[in-house]
Amino acid sequence: MKNIYSVTLLVSALFLTGNALATVSKTASNIASPQMSEKVFSIEKMTCKMCNITIRKAMEKVDGVVKATVDYNTKTATVLFDPKKANVDAIALASTNIGYPATLKK
């Protein structure tokens with residue numbers, strides 16, 4: 001019985017360690033560096049406070065986007081991204097494609 005318990009404990013520890021390392025690796029790849037750019041987009045057709053979650057998720061799926069913060073009250077999204085991987089057109093298109101047209105705020 002002790003052997004089964006030991007094996008179960010060992011497998012659980014390895015599983016948890018593997019997941020923790022994967023999370024750290026993903027987080028490290030999304031950390032802002034000096035080459036990052038931050039832009040503000042105007043967002044149209046936001047009708048409720050849940051819209052910001054949908055828009056944020058769509059923008060953050062664009063390769064190179066580190067973080068998107070969407071504000072329902074001002075109808076804007078502030079996006080931190082790596083300009084070597086992403087551009088404002090791709091980020092705006094991600095929002096527009098889900099029904100919330102986005103344009104770069106001047």
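Take the range 44-65 and flag every residue that is in contact with a helix residue (DSSP H, G or I) (Cβ under 6 Å, 6 or more places away or on another chain) and more than 22 Å from residue 85 (Cα to Cα).
Result: no residue meets the conditions.
Give the number of residues within the range 45-64 that are surrounded by fewer than 18 Cβ atoms within 10 Å (Cβ to Cβ) and touching a residue at least 40 places away in the same chain (Cβ under 8 Å).
2
Only one residue in 86, 68, 94 is under 10 Å from the mean Cα position of the chain (by Cα), without any contact (Cβ under 8 Å) to a residue 40 or more places away in the chain and buried (at least 16 other Cβ atoms within 10 Å of the Cβ), so which one is that?
After ruling out the rest, the residue left standing is 68.
Laboratory data are not the source of any read-out in this text; all were calculated from the coordinates shown. Since we're looking at a predicted model, the values are computed, not measured. Virtual Cβ from ideal backbone geometry, glycine too; neighbours counted across all protein chains shown.
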